[in-house]
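A short reminder: the numbers here are calculations on the coordinates, not readings from a lab. Keep in mind it's a predicted model, so treat the numbers as computed, not measured. Please note: Cβ atoms are built from the backbone with ideal geometry, for glycine as well, and neighbour counts cover all protein chains shown.
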Amino acid sequence: MEKANRFLAILYAITLGVAETAMNWGNWQYAPLWFVDYFVVAWLLFGVLTRDREKSARILIGAWAFALSMMYMALAIMTEPISGGVQEISAEVVGFIGGFIATSIAGLVLSYKIGNKKHSVADGKDQ
């Protein structure tokens, strides 16, 4: 379970970093909108590279939760109706965001299970 979570975090971080750079190359938009993406990349990689397993699980829970909320807001902003009509939304972008949301949920669940399992073993409870 830990290896799957770490793999997901690395894949997510690399994909998000490359996608954000490709999407904004030559036309960098409002900084807070893309800065948070790179913040998530760094946070996930920090969680993966942390040697202490319990600390790594806690870091990844926070990173996945933040990534989920960030992607939810990105989807909400893109699908919000604009005055005077409906904004055009690329199906590919919505698909990417949906994939990021699903992966964030999976990573969050995995991190929670890893962290919960470690606490149960430490408390003497057998699961």
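A few notes on this one:
- Residue-averaged [θ]222 nm for the chain, counting only DSSP H segments that reach four residues, each worth -39500 (n - 2.57): -28000 deg cm²/dmol
- The stretch between residue 22 and residue 69, if pulled fully straight at 0.36 nm per residue, gains 14.7 nm over its current Cα-Cα span.
- √(5λ) per eigenvalue of the Cα gyration tensor, segment 2-122, largest first, Å: 30, 15, 11
- Neighbour net charge for residue 29 - beta-carbon separation under 14 angstrom, K R +1, D E -1: -2
- For peptides 7-18, 47-58, 25-36, sequence by mean Cβ density within 10 Å, most packed first: 7-18, 47-58, 25-36
- Counting other Cβ atoms within 10 Å as a rough exposure proxy, the listed residues 2, 92 run 92, 2 from fewest neighbours to most.
- Whole-angstrom gap from segment 86-106 to segment 55-73, using each part's C-alpha centre: 17 Å
- Subtracting the Cα-Cα distance of residue 117 and residue 31 from their residue separation scaled by 0.36 nm leaves 27.1 nm.
- All other residues whose Cβ lies under 12 angstrom from that of residue 74 are scored, Lys and Arg at +1 and Asp and Glu at -1, for a net of -3.
- Length added when fully stretched, residue 53-residue 93, from 0.36 nm per residue minus Cα-Cα: 11.0 nm
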